[in-house]
Amino acid sequence: MFISHLAFADAPVLKLWHGYRGGEEQAIEQAAKQFTALTGTQVELLAVPYDALSSKLTSAIPHDAGPDVFIFAHERLRQFHRMKIVAPSGNGLDRSKYLKPSVDALELDGVLYGYPLSIKCLALFMRGDRGLTAPTTTAELENALTERRQNQFTLAYEAGDFYFHAPILFGFGGVLFDEKGRAQFDTPAMTKSLNWVKSLQDRKLMPQEVSGALVKTLFNENRAPFVITGPWFTGEIDGVPYSIHPLPTVSETGLPMAPFLGVEAAFVSSRTQQPELAQAFAKFLSLGDATIIRVTLGRQIPAELAAYDNEAVAKDPMISAFRTVAERATPTPNTLEMARVWEPMKLALRAVLQGGVSPADAGQLAERRYRALNREAPPTTTPVPWIIGLSIGLVTFGGWQLRQGKGKTFAKRYPEAGRGLLYVAPAATGLFVLVIIPFVIGLSLSLFHHDAGEYTFVGFANFADILTSKGYRITEPLSFYFTLVVTLAWTLANVVLHVSIGLFLAILLKDPLLKLRGVYRVLLIVPWAVPNYITALMWKGMFHQQFGAINAILGHLGIEPVSWFTQWSTSFAANVITNTWLGFPFMMVVSLGALQSIPTDLYEAAEVDGASKWTQFRRITLPLLKPALLPAVILGSVWTFNMFNIIYLVSGGEPGGGTDILVSEAFRWAFQRNEQYGFAAAYSVLIFFVLFAWSQVTKRLSGEESA
Amino acid sequence: MSDVRLVGIKKSFGENVIVRGVDLDVTPGEFLVMVGPSGCGKTTLLRIIAGLEQADSGDIVIGGKNMNEVPPRERDVGMVFQSYALYPHMTVKENMAFGLELRKVPRPEIESRVAEAARMLELGPLLDRKPKALSGGQRQRVAMGRVIVRRPQLFLFDEPLSNLDTALRVQMRGELARLHRALGVTMIYVTHDQVEAMTLATRVAVFNKGVLQQLGAPLELYNRPTNAFVAQFLGSPSMNLIDAKRDGAKFVGAGFTLPAVGDTSGEVKLGLRPQDLRVASEGPLRGEVEAVERLGFDGYAFLKTAAGSIAARFEGADVQVGQNVAVQPMGDVLHIFSADGAKALRHPEARGA
Ligand SMILES: Nc1ncnc2c1ncn2[C@@H]1O[C@H](COP(=O)(O)OP(=O)(O)OP(=O)(O)O)[C@@H](O)[C@H]1O
Ligand SMILES: [Mg+2]
């Protein structure tokens, strides 16, 4: 009564932000309509791409520009709470109505936030057409298949990702955090779990370097009857009969593999103007008819217990199976410490699976990486001297400028200034907004330390840490100098290859007698025309150790398959090969144009003068190509220096970050290592200085040329 | 010093036959000038000799050695290109020194040869410039210098003086003649300039449509052309050619009769050099003056007659366009060719010979 009264008085509108697509989006829209029909409150929905949703929420809500209710996974709850954008659900939430772990996940220091909507966790999918019984223990799983043909496996899952390894670690008795709440890595359970996974791979029960796409292929093509994956996988199964089971128990310990449970919840914004209404709406979405709609239409696994008794839901084998599975799951900790676990764990997993590090040493490796990534915040200093210094500088500069024009007013010195300013205004505005502002923000950011939404001023401490390589040796992949050397090597190798291959092909293609010249030209330019991330992903696939085309070819030639991303040299080579494939067409086109502008009679004159073909190339072709090629080389070197896509997508920095270049390293510090924005900005500033120095060198080079 | 022998050289580009079987003997130390209308294949022939173009058939023998399969750089020839072909990224000096460097000539020797050529070609102040900063004539001289410093066994020049002003051309002509005398090497020289041909050549080769028409000393060609083409090609203004028919003791043509000489019969072509004709009030040919080329005291008048256009010399007389005048041959000046012009039947006694 009270609610509807309020609703009519203010004609209230509730805003809901979510990251759903497809069926899930339809379901949430339908549920919102029901709410409107029931209460008369209009609901405005906004679908934000999931990747952008979190940052949009954290930036909009504090400025009262955000939604009243938003849907998000519970892992970010701690962060949302810290930034004070989420309101407690108070006694509106009835714990008994939901699956227990789903409510547990929403608890912070004894207070509950939001209303659980759906859950996600890993389960064991089994093909139904192989006459197999679901294994309940790891031993049963290992022996499930008595005979396998080549390239057939028992099990497939994304073993290189800690989300998938966590249940195994727990199954071996592992505990993520010590009594003080700090992440721990170097534990016996860690070693045992890694040992087991490695043995699966060594016994060829499981393939190597598994990606999500590979899991799908293997399952659909009947090459792996068991896969560990989540509810999203049901949409990727091609009409194959399957069933869903809890993860098996580890035979050695008798403990069940407990997957992480992710809970999606409807949270109420702390800044909503209509708290009661918003709470009512969030609660409404999590219960009753809304749940049924979300389950039937959106295929969500409900958090509400009552939903499982619903006839339609009970009939759905997927939904009911996940209920059983979820009972064993533990909510992903929503602590800040959890966010710090992922990268070290991933490093250890990959190192073991790719064979570079023994399972016993992997914990140590992760521990060291953890310490490196979670730098202690540098001591906070006061920005006052900085501000004073900057002000003095500005005043001095301004005074000096004024003295320069002593006796004359600005208008006298520049009589046409008004009109001139008008002309440059559009370009200047663009430059200011797109270049100057981001640059100044980046510069300032590099003087701060960021931790969970709080910035503290630390002066040059970030730079000092980077340049003194604090926390790791200079020769370790995390060190700035190591990365700088890799970046320079990467740039040099690429530019040399691009130019030599491009030039070589251009010389071949220039020959007017060559048949089908036009066709070759177009074909050779194709790599350039394809978006580079697509090419990068194709090459990544081709470098796959077991299924990649390159190892297949090497195999036919009788060469042992190469595990490309486990050694620095091969991983670096894979990056360079990919980028060379992308880069040579540009140099070829430039060279071809320049070559065609060299008159043929010069070669004839040289020929008569007594020059061999090689001398002609060296003394005529190269010097005449230089004016055209030099700018292309300069441009190419800068592009390559900052070629993020290839590094990120092909080697991904493997092994252990060794093939990362400066930009990808800056990216990791900003987005994969505790959001150390200040540190990443300092990296970017250093990149800027390196490129600035290079541009000074090239300016001199091309200056000499035109002289 | 080497001789050059071309035997049955043929060359075509696709369907177009450019050189149709040229046989040519160039004796050692000779200065051979090749002339012919534009597009007749002079440059092509030169390129074949240099080895830049492969002949379809025939043999090129230089210094007694068959060069058919020898690449240009081993033929020891120097060529001045019609398009100059200077290396744009090198200074004048570097352009000239390039060939010597490749032949590993010692540095001081290079310096002195370049300096010498620069002096001869008046390139001294330009040595450190790039070709971009040179005029057409200057470029041409650099192109000459590049070949001269190399002192090859055989020089090939493709219209090397065409872009120079008259004074410089006269001077360069002298220098070339001197160079030829000094080095005594064989030179083959293509030009459109009759004066160059007449003054420089030991022998002149006249080409037309890829065929060698006549080869001989300059005066011989002038006085005794083997056919109407050569007769018309050499001499300026070119020889008047008129159709006529032998009628007893006379040549009768459209609107004129001339006393017959020699023992020809039937249809012929009569050749009269303008220098041998005088504008007069009375004469066998008569017509209206269409144009006048006055060179000073004397000049040439171009008449429109019933037999066609006729050029004739005048001295002093006041000849105006539109006047009706006659022309008078100065003695025995009649060249007689077969009716199709392919063969000379008679030449007048060479004067002064
Ligand atoms: N590479 C080629 N391909 C096709 N045709 C060619 C080629 N080179 C020359 N020709 C043709 O051959 C003919 C003779 O050319 P060439 O350059 O020898 O003439 P030229 O006697 O030197 O004329 P000019 O006095 O104008 O320099 C011309 O009709 C020209 O178009
Ligand atoms: Mg020519």
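The values are calculated or read from the model by the stated rules, or taken from the named source; none is laboratory data. The model shown is predicted, which means the values in this text are computed figures rather than measured ones. Glycine also receives a Cβ, built like all others from the backbone with ideal geometry; neighbour counts cover every protein chain displayed. These accessible areas exclude ligands, DNA and RNA; they are computed on the full protein's heavy atoms, side chains included. Shrake-Rupley method; radii C 1.70, N 1.55, O 1.52, S 1.80 Å.
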B:G29 meets each of (1) open to solvent by 40 Å² or more (accessible area, probe 1.4 Å); (2) more than 15 Å from ligand 1 (Cβ to nearest atom); (3) not hydroxyl-bearing (S, T, Y) with one exception, condition (1)
Output for segment B:57-83, where each listed residue is under 19 Å from B:D158 (Cα atoms), within 8 Å of chain A (Cβ to nearest Cβ), open to solvent by 20 Å² or more (accessible area, probe 1.4 Å) and part of a loop (DSSP other than H, G, I, E, B):
B:S83
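Out of the strands (runs of 3 or more DSSP E) lying entirely within segment A:211-317, which hold 1 or more residues that are surrounded by 24 or more Cβ atoms within 10 Å (Cβ to Cβ) and touching a Cys at 6+ places or on another chain (Cβ under 7 Å)?
Values: elements: A:226-229, A:242-245, A:260-269.
Strands (runs of 3 or more DSSP E) meeting the threshold: A:260-269.
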Per the list (1) under 23 Å from A:W564 (Cβ atoms); (2) open to solvent by 40 Å² or more (accessible area, probe 1.4 Å), residue check on A:K180 breaks on (1)
If you check every pair at least six apart or on different chains, which have Cβ atoms under 8 Å apart with a residue in segment B:38-50 that is farther than 13 Å from B:F155 by Cα first and a residue that is among the β-branched types (V, I, T) and within 7 Å of ligand 1 (Cβ to nearest atom) second?
B:G41/B:I18; B:K42/B:V190; B:T43/B:V190; B:T44/B:I18
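Only residues that are basic (K, R) and under 20 Å from A:V43 (Cβ atoms): list them for segment A:284-311, please. Quick ask: steps written out before the conclusion?
If we filter segment A:284-311 for residues that are basic (K, R), which is where we start, we get A:294, A:299.
Residue satisfying the conditions is A:R294 alone.
Conditions tested, residue by residue: (1) within 30 Å of B:A85 (Cβ to Cβ); (2) within 14 Å of chain B (Cβ to nearest Cβ); (3) acidic (D, E).
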position	(1), (2), (3)
A:Y533	no, no, no
A:W539	no, no, no
A:M588	yes, no, no
A:S597	yes, yes, no
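Yes or no, residue by residue, for (1) among the charged types (D, E, K, R); (2) in contact with a strand residue (DSSP E or B) (Cβ under 9 Å, 6 or more places away or on another chain); (3) over 18 Å from A:P101 (Cβ atoms); (4) assigned by TED's automatic domain parsing to the domain that holds A:D68:
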residue	(1), (2), (3), (4)
A:Q273	no, no, yes, yes
A:A278	no, yes, yes, yes
A:K283	yes, yes, yes, yes
A:S286	no, yes, no, yes
A:L297	no, no, yes, yes
A:P302	no, yes, no, yes
A:A312	no, no, yes, yes
A:P317	no, yes, yes, yes
So A:A159 passes all but one of these: (1) exposed (fewer than 14 other Cβ atoms within 10 Å of the Cβ); (2) in contact (Cβ under 8 Å) with a residue 24 or more places away in the chain; (3) closer than 20 Å to A:L255 by Cα. Which condition number does it fail?
(1)
Residues A:R340, A:R328: which one is open to solvent by 50 Å² or more (accessible area, probe 1.4 Å) and under 16 Å from A:G262 (Cβ atoms)?
A:R328
Scan segment B:235-244 residue by residue and report those that are of a type outside the set (D, E) and either open to solvent by less than 50 Å² (accessible area, probe 1.4 Å) or within 20 Å of B:G287 (Cβ to Cβ) (or both).
B:G235, B:P237, B:S238, B:M239, B:N240, B:L241, B:I242, B:A244
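Only one residue in A:W490, A:W539, A:W528, A:W581 is surrounded by 18 or more Cβ atoms within 10 Å (Cβ to Cβ) and in contact with a Leu (Cβ under 9 Å, 6 or more places away or on another chain). Which one?
Details: A:W490 fails: in contact with a Leu (Cβ under 9 Å, 6 or more places away or on another chain); A:W528 fails: surrounded by 18 or more Cβ atoms within 10 Å (Cβ to Cβ); A:W581 fails: in contact with a Leu (Cβ under 9 Å, 6 or more places away or on another chain).
Every option except A:W539 fails the conditions.
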Search segment B:91-112 for residues being open to solvent by 10 Å² or more (accessible area, probe 1.4 Å) and within 14 Å of chain A (Cβ to nearest Cβ), and hand back the single one that is farthest from B:L154 (Cα to Cα).
B:T91
Out of segment A:595-620, which residues are of a type in the set (A, V, I, L, M, F, W, C), open to solvent by less than 10 Å² (accessible area, probe 1.4 Å) and part of a helix (DSSP H, G or I)?
A:L595, A:L602, A:A605, A:A606, A:V608, A:I620
Filter segment B:32-46 for residues that are out of contact with any helix residue (DSSP H, G or I) (no Cβ under 8 Å at 6 or more places or on another chain) and farther than 12 Å from B:I9 by Cα; the one that is farthest from ligand 1 (Cβ to nearest atom) is B:L32
Name every residue in segment B:6-56 that is among the basic types (K, R), within 16 Å of ligand 2 (Cβ to nearest atom) and in a strand (DSSP E or B), in order of residue number.
B:K11
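Please report, ordered by residue number, the helices (runs of 4 or more DSSP H) entirely within segment B:127-234 with at least 1 residues that are away from ligand 2 (no atom under 16 Å from the Cβ), crowded, with 16+ Cβ neighbours inside 10 Å and within 14 Å of chain A (Cβ to nearest Cβ).
Working: elements: B:136-148, B:166-183, B:194-200, B:218-223, B:228-233.
Of the helices (runs of 4 or more DSSP H) lying wholly inside segment B:127-234, those with at least 1 residues that are away from ligand 2 (no atom under 16 Å from the Cβ), crowded, with 16+ Cβ neighbours inside 10 Å and within 14 Å of chain A (Cβ to nearest Cβ) span B:136-148.
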Single unsatisfied condition, B:S12 versus (1) within 13 Å of chain A (Cβ to nearest Cβ); (2) among the hydroxyl-bearing types (S, T, Y); (3) surrounded by fewer than 16 Cβ atoms within 10 Å (Cβ to Cβ)
(1)
All-but-one check, B:V80 against (1) over 24 Å from B:V211 (Cβ atoms); (2) more than 16 Å from ligand 2 (Cβ to nearest atom); (3) touching a residue at least 24 places away in the same chain (Cβ under 8 Å), failing number (2)
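Which of the residues spanning segment B:245-277 are closer than 12 Å to B:I310 by Cβ and open to solvent by less than 60 Å² (accessible area, probe 1.4 Å)? Before you say what the answer is, go through the steps one by one.
Step one: of segment B:245-277, the residues closer than 12 Å to B:I310 by Cβ are B:253-256, B:270-274, B:276-277.
Listed by number, the residues that qualify are B:G253, B:A254, B:F256, B:L270, B:G271, B:L272, B:R273, B:P274, B:D276, B:L277.
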